[in-house]
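The values are calculated or read from the model by the stated rules, or taken from the named source; none is laboratory data. Quantities reported herein were computed from a predicted structural model and do not represent experimental measurements. Positions of Cβ are backbone-derived with ideal geometry, glycine not excepted, and every protein chain shown enters the neighbour counts.
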Amino acid sequence: MSALLQVNDLSRAFGGLKAVDALSFEVQQGEIVGLIGPNGSGKTTALNLISGALRPDFGSVRFAGRELAGLPAHRIARAGVARTFQLVRVFPRLTARENVRAGLLSRSGGRGEEEALLARVGLGGAAERPAAELTYIDQKRLELARALALQPRLLLLDEWLAGLNPAELTDGVALIRSLRGSGITILMVEHVMDAIRSLCDRCVVMNTGAKIAEGTPQQVLADPAVIEAYLGGDDV
């Protein structure tokens, strides 16, 4: 059975800097895969290449058997790939409902679907609140609800758990786990190692643009190359 997502030799350079260097990995239907590594290792650039925010210099991104590399972001989103961003992107002057409605523009959403999506991410009752008035975690939830409005098969999360306090982190992990339970496959860039251990079936580890390890969280977090490049001895 073919993987849902197949990334092969994906590469992108900025001047003389190889931000992503011949990256290859697969994500199977129903998995949560972590894309981890030190700051500046190319993780977000890889998500940008997969989602169409950037065009690759070389390589292939196949999703459900369809080549996506080089397609514009809106066509990739319509194909079933949605994402959140490292820096939260909401429309601050619009209400929560209107933010989610923006995610429904590419398809016919049923009446009341915005409220259902907001409730799905823990924002029930916040539909009429301006996004600018929401807390940081609730803005993250709102961005996630907008991504879910696309009815994705694959969800790309870019440090969605970053900056959360312990209680918020517990709720966030449970929410991500529930999304997988509903049939959504997830590729997540993350630095919170407890979340990686708890959520991920496998991890792909990047350093200086290239893949340096792949395996279960336990395997990669014990890999000497990963420890040296990213985690640092006693921090694992």
Within region 186-208, is there a residue that is over 16 Å from the mean Cα position of the chain (by Cα) and closer than 26 Å to GLY52 by Cα?
-> yes
Are there any pairs, at least 6 apart or on different chains, whose C-beta atoms fall under 6 Å, with the first in region 130-141 and assigned by TED's automatic domain parsing to the domain that holds ASN165 and the second part of a helix (DSSP H, G or I) and among the small types (Gly, Ala, Ser), and if so, which?
-> none
Residue list for region 12-29, restricted to those being over 20 Å from VAL220 (Cβ atoms) and surrounded by fewer than 18 Cβ atoms within 10 Å (Cβ to Cβ) = ALA13, PHE14, GLY15, GLY16, LEU17, LYS18, GLN29
Could you list all residues from region 135-154 that are surrounded by fewer than 19 Cβ atoms within 10 Å (Cβ to Cβ) and assigned to a helix (DSSP H, G or I)?
-> TYR136
Identify, by number, the condition in (1) part of a loop (DSSP other than H, G, I, E, B); (2) surrounded by fewer than 15 Cβ atoms within 10 Å (Cβ to Cβ) that LEU123 doesn't meet.
-> (2)
Flag if GLN86 is under 21 Å from ILE184 (Cα atoms), at pLDDT 95 or above, of a type outside the set (A, V, I, L, M, F, W, C) and surrounded by fewer than 16 Cβ atoms within 10 Å (Cβ to Cβ) = no
Quick check: is even one residue across region 138-159 farther than 25 Å from ASN48 by Cα and among the hydrophobic types (A, V, I, L, M, F, W, C)?
-> no
In region 54-83, residue surrounded by the most Cβ atoms within 10 Å (Cβ to Cβ) [restricted to those that are part of a strand (DSSP E or B) and among the β-branched types (Val, Ile, Thr)] | VAL81
